[in-house]
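K.L.:
Handing you a structure now.
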Amino acid sequence: TQLLEQSPQFLSIQEGENLTVYCNSSSVFSSLQWYRQEPGEGPVLLVTVVTGGEVKKLKRLTFQFGDARKDSSLHITAAQPGDTGLYLCAGELSSNYQLIWGAGTKLIIKP
Amino acid sequence: GAVVSQHPSWVICKSGTSVKIECRSLDFQATTMFWYRQFPKQSLMLMATSNEGSKATYEQGVEKDKFLINHASLTLSTLTVTSAHPEDSSFYICSASRREGIDTQYFGPGTRLTVL
């Protein structure tokens, strides 16, 4: 059974603080995607990382793919209330292209 | 581009009735569509994968006779929840990709189903 462990599951911090969300697995992924989901809406793709060691930046969000392509992290600098939402990681298996989903991180940024 | 719509966005029905949810790719042809279920504060759970013109492939534990999936065209897939019960209440999300296998999934906005 392929698992993608995402942590923390819940995080509530003050505006301006930094945070990191982690996704770890024993499986190797051909790519890993990060999504953000608002209540009552579908997930929206933030970024896809493909190469081991790859780092992508999206304004205050920094995404990193592990060298072995088994783990990834999302770092948010100077969090804003608008960053509040459910963040999901999903790894794509190279064997069958199936997406394996993390449990999600519920992020609340307090003004 | 790559917009996916779902209809209805929310539905309330009585126990024992059937509900059909539509998923449409508005500006591209979707060879493959996926149906997910999401309970509150939880991640997405893949229910089934459907390729246009073929029978859907259901994940383990998902009843194919209860959750009927039809992918008759390259822009439309439907999920019918038959004889719905309160435990079927959930947020159902579809996604679509242009090609089978490795390709980006574009997600719909979801459908909130409440069974009374």
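The values are calculated or read from the model by the stated rules, or taken from the named source; none is laboratory data. Please read these numbers as outputs of a predicted model, since none were measured by experiment. Cβ sites come from the backbone with ideal geometry, for glycine too, and all protein chains shown count toward neighbours. Accessible surface areas use protein heavy atoms only, side chains included; no ligands, DNA or RNA. Shrake-Rupley method; radii C 1.70, N 1.55, O 1.52, S 1.80 Å.
K.L.:
Output the residue which, of all residues in the stretch A:59-100 that are in a strand (DSSP E or B) and open to solvent by 30 Å² or more (accessible area, probe 1.4 Å), is farthest from A:CYS23 (Cα to Cα).
P.N.:
If we take residues in the stretch A:59-100 being in a strand (DSSP E or B) and open to solvent by 30 Å² or more (accessible area, probe 1.4 Å), then A:THR62 is farthest from A:CYS23 (Cα to Cα).
K.L.:
Is it the case, given these coordinates, that B:THR32 is touching a residue at least 60 places away in the same chain (Cβ under 8 Å), among the β-branched types (Val, Ile, Thr), closer than 23 Å to B:SER97 by Cα and within 14 Å of another protein chain (Cβ to nearest Cβ)?
P.N.:
yes
K.L.:
Name every residue in the stretch A:9-41 that is under 30 Å from B:TRP10 (Cα atoms) and open to solvent by 20 Å² or more (accessible area, probe 1.4 Å), in order of residue number.
P.N.:
If the condition is that a residue be under 30 Å from B:TRP10 (Cα atoms) and open to solvent by 20 Å² or more (accessible area, probe 1.4 Å), then A:GLN9, A:PHE10, A:LEU11, A:SER12, A:ARG36, A:GLU38, A:PRO39, A:GLY40, A:GLU41 are the ones that fit.
K.L.:
In the stretch B:36-47, which residue that is open to solvent by less than 70 Å² (accessible area, probe 1.4 Å) and within 12 Å of another protein chain (Cβ to nearest Cβ) is nearest to B:THR78 (Cα to Cα)?
P.N.:
It comes out as B:TYR36.
K.L.:
Kindly establish whether B:SER54 is more than 14 Å from the chain's Cα centre (by Cα), away from chain A (no Cβ under 14 Å) and closer than 22 Å to A:LEU93 by Cβ.
P.N.:
yes
K.L.:
Among the residues of the stretch A:2-24, are any without any contact (Cβ under 8 Å) to a residue 40 or more places away in the chain and under 24 Å from B:ILE93 (Cβ atoms)?
P.N.:
No - not one qualifying residue is present in the stretch A:2-24.
K.L.:
Output the residue which, of all residues in the stretch B:63-96 that are of a type outside the set (Val, Ile, Thr) and facing chain A (nearest Cβ under 9 Å), is nearest to B:LYS41 (Cα to Cα).
P.N.:
Only one residue tops the list, namely B:PHE91.
K.L.:
Identify, from the list B:LEU44, B:LEU76, B:LEU116, the residue that is among the hydrophobic types (A, V, I, L, M, F, W, C), more than 30 Å from A:LYS106 (Cβ to Cβ) and out of contact with any Gly (no Cβ under 6 Å at 6 or more places or on another chain).
P.N.:
B:LEU76
K.L.:
Here is a follow-up. One residue is enough: does the stretch A:33-51 have a residue meeting the conditions more than 9 Å from the chain's Cα centre (by Cα), within 17 Å of A:ILE13 (Cβ to Cβ) and in contact (Cβ under 8 Å) with a residue 24 or more places away in the chain?
P.N.:
No; the residues of the stretch A:33-51 include none that is more than 9 Å from the chain's Cα centre (by Cα), within 17 Å of A:ILE13 (Cβ to Cβ) and in contact (Cβ under 8 Å) with a residue 24 or more places away in the chain.
K.L.:
Can you name the strands (runs of 3 or more DSSP E) wholly within the stretch B:8-116 that have at least 3 residues being farther than 19 Å from A:LEU99 by Cβ?
P.N.:
Passing ranges, in order: B:10-13, B:19-25, B:67-73, B:76-81, B:111-115.
K.L.:
Considering every residue within the stretch A:79-92, establish whether at least one is of a type in the set (A, V, I, L, M) and over 18 Å from B:LEU46 (Cα atoms).
P.N.:
yes
K.L.:
Quick one: in the stretch A:37-72, of everything that is more than 11 Å from chain B (Cβ to nearest Cβ) and under 16 Å from B:SER43 (Cβ atoms), which residue is modelled with the highest pLDDT?
P.N.:
A:SER72
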